[in-house]
Amino acid sequence: MKKVSLFVFIVFSLIGCSKDDNDYLKSLIFGQGEFVPILPDGELLTLSTTTITYGQVLNGTSRTASITISNTSKYEINVKVNIPSGSDLTTNVNTFKIAKNGTFVLNVLYSPKSVYLLKGILQLSYGSVIHSVNITGNAVAELLTVLNTTQVGTLDFGDILVGKTGKKTITLSNVGTEIAKWSNSQSEFTLNPSVGSIAVGASQNVEVSFTPTNFGLYTNDISIAYNGGTVKIPYRVNRIALTRVIGVSCSSSAFVNVPNNSTAHKTIVISNTGNSDLTVSSITVSQVTSGIYNCAYSGVIPPNQSVNVDISFTPKKINYVYSCSITVQSDKTSGSISLSFTGNGS
């Protein structure tokens with residue numbers, strides 16, 4: 001009686017299901033082993049690519065490519081990976097399982113041990129379905145990457161003040177048959193960008209910045225390393241020491257017969273004949289009687305420029321000679337910084 005009931009249940013279950021569901025249900029009952037699903041015919045997986053092109057790979061090195069496999073069916077699928085023999089290819093797994101609506105990333109590593117052209121087919125199989133991935137590569141004894149620069153002759157930065165930054169732009173061009181991957185191989189220069197990848201036949205502009213820390217004429221090479229060798233670009237820079245040359249002057253140093261308790265004015269000229277900014281922090285006035293002479297200034301004076309500063313004289317006694325000296329405080333590297341004045345009241 002129990003066998004008849006089970007048979008009736010199976011028959012009605014099969015009648016109410018789709019063909020794929022019937023296949024799956026029948027596999028659970030009649031399939032190989034106790035519970036081994038029989039997948040429906042047809043492809044259930046999709047691959048992100050069916051072609052892998054490694055290009056040139058240096059003998060003795062490795063390069064990895066990836067395939068993303070997606071399962072949009074309602075079945076859990078076991079997949080077997082078949083690698084072409086003698087291809088120097090390896091994968092991260094030999095078999096893998098993808099849950100329904102799941103994905104899996106298969107990494108395919110190419111590690112050539114000799115010089116040859118790779119051409120093979122990697123297969124992914126499940127049930128009666130086989131997905132083929134065409135794989136090509138070129139194992140070489142040396143990479144055929146050639147990186148050139150369009151710079152002709154010496155890259156001349158001209159005159160750069162010590163501590164300041166000079167900039168030039170160079171162009172790198174890949175005239176080889178492999179992607180050129182380059183990087184800055186020295187700390188003396190700053191490259192923007194500092195690393196890059198240039199496709200075959202393409203070019204890239206690179207800004208070269210140089211900030212000298214000492215002075216003098218200097219010539220050398222800019223070295224840029226890449227996966228096919230080194231590009232050397234000769235350069236020249238004249239590193240100039242910073243100078244802040246101060247000058248302090250006035251057309252007349254005497255205040256003559258100034259009415260008592262009145263104020264007279266003169267103009268002091270503070271100049272900078274150096275090649276960098278001069279910073280004046282203050283002016284010191286030395287005098288026997290305070291308040292007779294007044295002079296004040298602070299600020300930045302650019303190269304080859306000057307400022308006019310007022311000095312005033314206010315006598316408090318008749319026929320009395322007042323004297324003073326002023327000193328300009330600054331970050332000068334050289335130059336005269338003082339003046340002396342005399343004045344009398346009337």
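Please verify whether segment 132-149 includes one or more residues that are without any contact (Cβ under 8 Å) to a residue 12 or more places away in the chain, open to solvent by 40 Å² or more (accessible area, probe 1.4 Å) and either touching a His at 6+ places or on another chain (Cβ under 6 Å) or farther than 30 Å from Ala99 by Cα (or both). No: segment 132-149 contains no residue that is without any contact (Cβ under 8 Å) to a residue 12 or more places away in the chain, open to solvent by 40 Å² or more (accessible area, probe 1.4 Å) and either touching a His at 6+ places or on another chain (Cβ under 6 Å) or farther than 30 Å from Ala99 by Cα (or both).
Per-residue answers, yes or no, for (1) at pLDDT below 90; (2) among the polar types (S, T, N, Q); (3) open to solvent by less than 40 Å² (accessible area, probe 1.4 Å); (4) closer than 13 Å to Asn174 by Cβ:
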| position | (1), (2), (3), (4) |
| --- | --- |
| Ser187 | yes, yes, no, no |
| Pro193 | no, no, no, no |
| Gly201 | yes, no, no, yes |
| Val208 | no, no, yes, no |
| Asn227 | yes, yes, no, yes |
| Ile233 | no, no, yes, no |
| Asn238 | no, yes, no, no |
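Among the residues making up segment 95-131, those that are open to solvent by 10 Å² or more (accessible area, probe 1.4 Å) and of a type in the set (Val, Ile, Thr) are Thr95, Thr103, Val105, Val115, Ile121, Val129, Ile130. Filtered by the rule that a residue be at negative phi, of a type in the set (S, T, N, Q) and surrounded by fewer than 18 Cβ atoms within 10 Å (Cβ to Cβ), segment 303-333 gives Gln305, Ser306, Asn308, Ser312, Ser323, Ser325, Thr327, Gln329, Thr333. Tell me yes or no: at least one residue of segment 278-296 is within 30 Å of Ala241 (Cβ to Cβ) and out of contact with any strand residue (DSSP E or B) (no Cβ under 6 Å at 6 or more places or on another chain). Scanning segment 278-296 turns up no residue that is within 30 Å of Ala241 (Cβ to Cβ) and out of contact with any strand residue (DSSP E or B) (no Cβ under 6 Å at 6 or more places or on another chain).
Would you check if there is a residue in segment 114-122 being touching a residue at least 24 places away in the same chain (Cβ under 8 Å) and not in a strand (DSSP E or B)? Checked segment 114-122: at least one residue is touching a residue at least 24 places away in the same chain (Cβ under 8 Å) and not in a strand (DSSP E or B). Screening Ser253 with (1) closer than 30 Å to Thr154 by Cα; (2) in contact (Cβ under 8 Å) with a residue 60 or more places away in the chain gives one miss only, at (1). Of the residues screened, Val11 is not one that is open to solvent by 60 Å² or more (accessible area, probe 1.4 Å) and either at pLDDT below 90 or under 30 Å from Ala180 (Cα atoms) (or both). Among the residues making up segment 200-237, those that are in a loop (DSSP other than H, G, I, E, B) and aliphatic (A, V, I, L, M) are Val200, Ala202. Checking Gln186 against (1) under 30 Å from Gln56 (Cα atoms); (2) assigned to a strand (DSSP E or B): exactly one of these is not met. Which one? Only one criterion is unmet by Gln186, namely (2). Cβ-Cβ distances below 7 Å connect the following pairs, each with a first residue in segment 219-244 that is over 15 Å from Val208 (Cα atoms) and in contact (Cβ under 8 Å) with a residue 40 or more places away in the chain, a second residue that is open to solvent by less than 40 Å² (accessible area, probe 1.4 Å) and among the polar types (S, T, N, Q), and a separation of six or more residues or different chains: Tyr226/Thr145; Asn227/Thr145; Gly228/Thr145; Thr230/Ser223; Leu242/Ser276; Thr243/Ser276; Arg244/Asn272; Arg244/Ser276. The requirement of being open to solvent by 40 Å² or more (accessible area, probe 1.4 Å), more than 18 Å from Ser249 (Cβ to Cβ), touching a Phe, Trp or Tyr at 6+ places or on another chain (Cβ under 9 Å) and modelled with pLDDT under 95 is fulfilled somewhere in segment 279-302, by at least one residue. Ile135 passes every criterion in (1) modelled with pLDDT of 95 or more; (2) closer than 30 Å to Leu217 by Cβ apart from (2).
The values are calculated or read from the model by the stated rules, or taken from the named source; none is laboratory data. A quick note: this is a predicted structure, and the numbers were derived from the prediction, not measured. So basically every Cβ, Gly included, is an ideal-geometry build from the backbone, and we count neighbours across all protein chains shown. These area figures cover heavy atoms from the full protein model, side chains too; ligands, DNA and RNA do not enter into them. Shrake-Rupley method; radii C 1.70, N 1.55, O 1.52, S 1.80 Å.
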